[in-house]
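Participant: My questions all concern the structure below.
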Amino acid sequence: MSEAGRVPSPAAPPAVAAAAPEERKGREPEREKLPPIGLAGAGATAGLDRGSKGQISTFSSFISTVSQKKEATENRGSPTHLVFPNIKNVRDLPPVCLDVRQKQRVSTDALSSEMKAPLLPEPVLPIQPKTMKDFQEDVEKVKSSGDWKAVYDFYLTTFDSFPELNAAFKKDATTSFNTIEDSGINAKFVNAVYDALLNTPQDIQKTVLKGIINSLLREWKGPRSKDDLRAYFILLQNPQFNNTSTYVIYAHLLRQIATLVEADHHFLVHWFKKLSQKRFKQLVERLLQFISLRLFPAKPEEFPPITKCSWWIPSASKVLALLNTANSLAHPPLIPYTDFYNSTLDHIDLMEEYHTWQSFGNSHRFSFCQYPFVISIAAKKIIIQRDSEQQMISIARQSLVDKVSRRQRPDMNMLFLNMKVRRTHLVSDSLDELTRKRADLKKKLKVTFVGEAGLDMGGLTKEWFLLLIRQIFHPDYGMFTYHKDSHCHWFSSFKCDNYSEFRLVGILMGLAVYNSITLDIRFPPCCYKKLLSPPIVPSDQNTPVGICSITTEDLCQIMPELAHGLSELLAYEGNVEEDFFSTFQVFQEEFGIIKSYNLKPGGDKIPVTNQNRKEYVQLYIDFLLNKSIYKQFAAFYYGFHSVCASNALMLLRPEEVEILVCGSPELDMHALQRSTQYDGYAKTDLTIRYFWDVVLGFPLDLQKKLLHFTTGSDRVPVGGMADLNFKISKNETSTNWLPVAHTCFNQLCLPPYKSKKDLKQKLIIGISNSEGFGLE
């Protein structure tokens, strides 16, 4: 089962995930018997008092206040500023189950839709009060008459209970709609009602909220019906929950959704993915804002004390996980995965979150690391860097202790991974050094070129990476094949006696991540998916590594023409066996000799037909991207993980690993201008003003060439342009000379050109013809 097909649960380190208690059977009917939330939710939020417990007072005073406080006049105040007095006095609703933090991933996609949850007899619904057209006509009449009574009555009735919600918005009250494919809800009607709600008088808005409170206070007996799920689905889209004054109600709604059984979550996930992009994005943004404002409230007095609502953030995170899964199941995704990032989390104690997750997993204490999709790539980089630094310090300290215990004089060099290599034997020397110093891979890297004076302050290390990568990936070296159509490298399937050089490439990538260096490597996205399969090296060496589910989309990123051909085969309407005359075999050229491989036992005798062509295509792709390069990729995998072995890798998506290794393709030249340092120039000098006028006017391809010319890569580090430490130095030479770059120091040496035209001409020539020079 692929990850996309799973109902979400918090991520857990393997060492602690196994310790989580099994799901209790029949938990849902026993909800009211669970421990009070003060115990279950202890320590629910990062950086706050995690161990405090408290009892929550009655909700009835809150409800009575809401019902009694009617506005003296209609439309008083902005509809987006509702005020509810005494908001702290809230009676506890059925508590969040521990499974918000404990559940292991349980796949329900393998079940038929009829098996997902017990099918309860649907209650008889009230008569539908109005159609969408009736409602819209009533809203229009208000503009001329000013009489809100018909609209008020509609909202009063519709939001009074879950059955009334279903009566209003269900497409057909007589149909059960018990499938994941169709929620049975009239989405256009729901949108129209919510769009109109924020423009109604305050008493109508308060009436809606009061109805929601009454519905949430209902005594639940037994499992939820599909009508109940539909009501939750409708209420979650209420735009009133953008307002902090409604957060107490919103939190209780989120908690009830979070504690539904896995099968009910399965239905909600599939209904979420049918939402429009706009409505889906609104749900995500509302939840992210809710978490941010609970962590850092602008007005703390608006919310109950954190000791009494420690369950707010875990509940919201669980519901966000449902939306994240829905997004991954949609093809294409409704919103980019980066839209789930919560930048507020960049400002909390991330290492405390990480250590809590490491220590407790999903068993006792909440950590945002259980829901890594909300942690930005910048925050994940900080976690990985600090985890790396702690490992470096630990290993260096152990080396020092060992030295002292043997009564040997400590040497500062023992604290580093010292690489001494000859330029003329770069690959072999690097391989020998890394093999010999395997125990030192997690120490800080320092490089020395034999016969050359100088200390490595970062420039030599970067040069070593640049030269080594350039040599290893050269076509003549034979380790990787460059595919011009996709502009990426892929592993050569040629058999060899020793795969140690592939391990070297893996170590290089690991060292780059470990030492925060961006590499100019062009692997396809599926490479990083394989690199995280699994994210933690298995203890059993016989367990396959680097094997993941592969599709034609993955093949298209490497060999688009072949992927197109296989797609044509799948869509072919004629007789495949007679017209293609293919068997379950694949042919490859190796050193001038054509070799054949069976895709399955006896494959050379099994014809490809209309009936088995899907199997043929899947086996073909699996052979190309998994089996034919298994030994090469396994060596690469073990090399990478020998440096980066850390539970922090479990927090990353494949796309995020690629950004950590290669940088981000998103360029912001204005940000580069703001962070650039100058040597010999001032930012107000005429030459510098000409330079930025020219560069900011460049098309994207020339901007990328400039970045590649000056830094060795056309991508940006995770921290943004500021992390490049880009410098422009004055080159006191003839203005007939071209610019020169010191890529090891991200430095551009620019002669003092007298005109913008001359500068532009020389700069374009330099950056467009830099292959083979410019590296110093």
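Participant: Mind listing whichever residues of segment 178-211 are part of a loop (DSSP other than H, G, I, E, B) and open to solvent by 10 Å² or more (accessible area, probe 1.4 Å)?
Facilitator: Residues satisfying the conditions are 178, 179, 180, 181, 182, 183, 186, 198, 199.
Participant: Working carefully through the options 312, 357, find the one that is open to solvent by less than 60 Å² (accessible area, probe 1.4 Å), touching a residue at least 12 places away in the same chain (Cβ under 8 Å), assigned by the TED database to the domain that holds residue 289 and of a type in the set (A, V, I, L, M, F, W, C).
Facilitator: Selected residue: 312, the only one of 312, 357 that is open to solvent by less than 60 Å² (accessible area, probe 1.4 Å), touching a residue at least 12 places away in the same chain (Cβ under 8 Å), assigned by the TED database to the domain that holds residue 289 and of a type in the set (A, V, I, L, M, F, W, C).
Participant: Sticking with this one: Do you know which of the residues in segment 274-294 that are farther than 15 Å from residue 254 by Cβ and over 19 Å from the mean Cα position of the chain (by Cα) is surrounded by the fewest Cβ atoms within 10 Å (Cβ to Cβ)?
Facilitator: Checking each candidate, the answer is 278.
Participant: A further question on this structure: Residues in segment 510-528: is at least one more than 21 Å from the chain's Cα centre (by Cα), open to solvent by 20 Å² or more (accessible area, probe 1.4 Å) and modelled with pLDDT of 90 or more?
Facilitator: For segment 510-528, residues more than 21 Å from the chain's Cα centre (by Cα), open to solvent by 20 Å² or more (accessible area, probe 1.4 Å) and modelled with pLDDT of 90 or more: absent.
Participant: As an exercise: evaluate residue 317 against (1) on the phi < 0 side of the Ramachandran plot; (2) open to solvent by less than 50 Å² (accessible area, probe 1.4 Å); (3) over 18 Å from the mean Cα position of the chain (by Cα); (4) small (Gly, Ala, Ser) and give the number of the one condition it does not meet.
Facilitator: Unmet for residue 317, out of (1) on the phi < 0 side of the Ramachandran plot; (2) open to solvent by less than 50 Å² (accessible area, probe 1.4 Å); (3) over 18 Å from the mean Cα position of the chain (by Cα); (4) small (Gly, Ala, Ser): (3).
Participant: Residue by residue through segment 360-386, note down the ones that are open to solvent by less than 60 Å² (accessible area, probe 1.4 Å) and basic (Lys, Arg).
Facilitator: Answer for segment 360-386, where residues must be open to solvent by less than 60 Å² (accessible area, probe 1.4 Å) and basic (Lys, Arg): 380, 381.
Participant: Could I ask something else about it? Just need a number here: residues in segment 321-346 that are touching a residue at least 24 places away in the same chain (Cβ under 8 Å) and outside any helix (DSSP H, G or I).
Facilitator: 5
Participant: Only residues that are loosely packed, with under 10 Cβ neighbours inside 10 Å and within 41 Å of the chain's Cα centre (by Cα): list them for segment 563-588, please.
Facilitator: 568, 571, 573, 587 - these are the residues of segment 563-588 that are loosely packed, with under 10 Cβ neighbours inside 10 Å and within 41 Å of the chain's Cα centre (by Cα).
Participant: Continuing with the same structure: Where residues in segment 725-768 are touching a helix residue (DSSP H, G or I) at 6+ places or on another chain (Cβ under 6 Å) and of a type in the set (A, V, I, L, M), which of them is surrounded by the fewest Cβ atoms within 10 Å (Cβ to Cβ)?
Facilitator: 738
Participant: Within segment 253-270, work out how many residues are within 11 Å of residue 228 (Cβ to Cβ) and open to solvent by 10 Å² or more (accessible area, probe 1.4 Å).
Facilitator: Matching residues across segment 253-270 total 0.
Participant: Which condition from (1) part of a helix (DSSP H, G or I); (2) open to solvent by less than 30 Å² (accessible area, probe 1.4 Å); (3) farther than 27 Å from residue 478 by Cβ is the one that residue 555 breaks?
Facilitator: (3)
Participant: On to the next question. Just need a number here: residues in segment 259-311 that are under 23 Å from residue 342 (Cα atoms), in a helix (DSSP H, G or I) and aromatic (Phe, Trp, Tyr).
Facilitator: The number of residues fulfilling the criteria is 3.
Participant: OK, next. Mind listing whichever residues of segment 451-494 are under 23 Å from residue 413 (Cβ atoms) and either modelled with pLDDT of 90 or more or open to solvent by less than 50 Å² (accessible area, probe 1.4 Å) (or both)?
Facilitator: Across segment 451-494, the qualifying residues are 456, 458, 459, 460, 461, 462, 463, 464, 465, 467, 468.
Participant: Is there a residue being among the aromatic types (Phe, Trp, Tyr), at negative phi and open to solvent by 20 Å² or more (accessible area, probe 1.4 Å) anywhere in segment 217-233?
Facilitator: yes
Participant: Just checking, how many residues over segment 389-423 are touching a residue at least 40 places away in the same chain (Cβ under 8 Å), touching a Ser or Thr at 6+ places or on another chain (Cβ under 8 Å) and under 28 Å from residue 452 (Cβ atoms)?
Facilitator: The number of residues fulfilling the criteria is 2.
Participant: Follow-up question, since we're still on this one. Sort out which residues of segment 340-349 are aliphatic (A, V, I, L, M) and open to solvent by less than 10 Å² (accessible area, probe 1.4 Å), and write them in order of number.
Facilitator: 345
Participant: A follow-up question, please. Hey, among the residues in segment 682-720 that are touching a strand residue (DSSP E or B) at 6+ places or on another chain (Cβ under 9 Å), of a type in the set (Val, Ile, Thr) and in a helix (DSSP H, G or I), which one's modelled with the lowest pLDDT?
Facilitator: Per the stated criteria, the residue is 711.
Participant: Residues of segment 589-600 being among the aliphatic types (A, V, I, L, M) and open to solvent by less than 70 Å² (accessible area, probe 1.4 Å), which ones?
Facilitator: 599 - this is the single residue of segment 589-600 that is among the aliphatic types (A, V, I, L, M) and open to solvent by less than 70 Å² (accessible area, probe 1.4 Å).
Participant: Can you tell me which residues in segment 320-339 are closer than 19 Å to residue 242 by Cβ and surrounded by fewer than 22 Cβ atoms within 10 Å (Cβ to Cβ)?
Facilitator: Residues satisfying the conditions are 335, 339.
Participant: Taking the condition of a type in the set (D, E, K, R) and surrounded by 21 or more Cβ atoms within 10 Å (Cβ to Cβ), does residue 170 pass?
Facilitator: It is true that residue 170 is of a type in the set (D, E, K, R) and surrounded by 21 or more Cβ atoms within 10 Å (Cβ to Cβ).
Participant: Given the condition closer than 30 Å to residue 313 by Cα, in contact with a helix residue (DSSP H, G or I) (Cβ under 8 Å, 6 or more places away or on another chain) and either open to solvent by less than 70 Å² (accessible area, probe 1.4 Å) or not aliphatic (A, V, I, L, M) (or both), answer yes or no: does some residue in segment 387-407 qualify?
Facilitator: yes
The values are calculated or read from the model by the stated rules, or taken from the named source; none is laboratory data. Because the structure is predicted, anything quoted here is derived from the model rather than measured. Positions of Cβ are generated from backbone atoms using ideal geometry, with glycine treated the same way; all protein chains shown enter the neighbour counts. For accessibility, only protein heavy atoms count, side chains too; no ligands or nucleic acids. Shrake-Rupley method; radii C 1.70, N 1.55, O 1.52, S 1.80 Å.
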